[in-house]
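The values are calculated or read from the model by the stated rules, or taken from the named source; none is laboratory data. Just so it is clear, the model here is predicted, and its values are computed rather than measured. FYI the Cβ positions are ideal-geometry reconstructions off the backbone, even for glycines, and counts take in every protein chain you see.
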Amino acid sequence: MKVCIPTIDQQGLDDSVGEHFGRVPTYTIVDLETDDVTVIPNTSHHMGGQGDPPEIMAKEGVNAMICQGLGRRAISLFENLGIEVYIGASGTVRDAITMFQQGTLQKATLNSACGKHEFRDRHH
């Protein structure tokens, strides 16, 4: 299983979880079966590139996105691509993975969308 965490640098497991998943400079992808860690740049339209972050994750074979929170539109995009989203992550990538493995993160639904992201989503 491959999980992805929005990150602010290229420090792998020691990097901090980025606050706004769509506008982070990097994504850290961890294969939980092999422990391989890959850091990729955010090449989405948010950062001057093309496409949405969920499309980037799908191309990388990601099964789950682990983040602090996100809006309804993003949750829908991930759902449509078959990628599960878990919210409530904080600290480092290592911390976020531990939270995920211990089952302490909430699975995101349209009803659990982050309110602070809703305003932005409506005005894009």
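Results for (1) among the small types (G, A, S); (2) over 11 Å from the mean Cα position of the chain (by Cα); (3) at pLDDT 95 or above, shown as yes or no for each residue.
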position: V37; (1), (2), (3): no, yes, yes
position: G49; (1), (2), (3): yes, yes, no
position: R72; (1), (2), (3): no, yes, no
position: L105; (1), (2), (3): no, yes, yes
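Tell me yes or no: at least one residue of region 37-44 is loosely packed, with under 14 Cβ neighbours inside 10 Å and of a type outside the set (V, I, T).
Scanning region 37-44 turns up at least one residue that is loosely packed, with under 14 Cβ neighbours inside 10 Å and of a type outside the set (V, I, T).
Which one of these is at pLDDT below 95 and either under 26 Å from N111 (Cα atoms) or not aromatic (F, W, Y) (or both): E84, E33, E55? Quick ask: steps written out before the conclusion?
Details: E84 fails: at pLDDT below 95; E33 fails: at pLDDT below 95.
Being at pLDDT below 95 and either under 26 Å from N111 (Cα atoms) or not aromatic (F, W, Y) (or both) holds for just one of E84, E33, E55, which is E55.
Tell me, please, whether a residue that is under 18 Å from G88 (Cα atoms), in contact (Cβ under 8 Å) with a residue 60 or more places away in the chain and part of a loop (DSSP other than H, G, I, E, B) can be found in region 3-17.
Checked against the condition, which is being under 18 Å from G88 (Cα atoms), in contact (Cβ under 8 Å) with a residue 60 or more places away in the chain and part of a loop (DSSP other than H, G, I, E, B), region 3-17 yields at least one hit.
Among the listed residues E84, E55, identify the single one that is within 15 Å of C4 (Cβ to Cβ) and over 11 Å from the mean Cα position of the chain (by Cα). Spell out how you get there, then give the answer.
On the way: E84 fails: over 11 Å from the mean Cα position of the chain (by Cα).
The match here is E55.
Return the residues of region 85-96 that are closer than 20 Å to D35 by Cβ and either surrounded by fewer than 19 Cβ atoms within 10 Å (Cβ to Cβ) or not hydrophobic (A, V, I, L, M, F, W, C) (or both); say none if nothing qualifies. Before the answer, list the steps.
Of all residues in region 85-96, those closer than 20 Å to D35 by Cβ come to 86, 89, 91-96.
Those that are closer than 20 Å to D35 by Cβ and either surrounded by fewer than 19 Cβ atoms within 10 Å (Cβ to Cβ) or not hydrophobic (A, V, I, L, M, F, W, C) (or both): Y86, G91, T92, R94, D95.
Is it the case that T38 is outside any helix (DSSP H, G or I), over 19 Å from S16 (Cβ atoms) and β-branched (V, I, T)? Give the derivation first.
Working: outside any helix (DSSP H, G or I): yes; over 19 Å from S16 (Cβ atoms): no; β-branched (V, I, T): yes.
For T38, the condition - outside any helix (DSSP H, G or I), over 19 Å from S16 (Cβ atoms) and β-branched (V, I, T) - is not met.
So which pairs qualify, if the first residue must be in region 51-69 and farther than 11 Å from G22 by Cβ, the second must be surrounded by fewer than 17 Cβ atoms within 10 Å (Cβ to Cβ) and at pLDDT 95 or above, the Cβ gap must be under 6 Å, and the two must be at least 6 apart or on different chains?
Here the result reads A58/L81; N63/M1; A64/E84, each pair linking region 51-69 to a residue that is surrounded by fewer than 17 Cβ atoms within 10 Å (Cβ to Cβ) and at pLDDT 95 or above.
For the subset of region 58-79 comprising residues that are more than 18 Å from L105 (Cβ to Cβ) and aliphatic (A, V, I, L, M), which member is surrounded by the fewest Cβ atoms within 10 Å (Cβ to Cβ)?
It comes out as A58.
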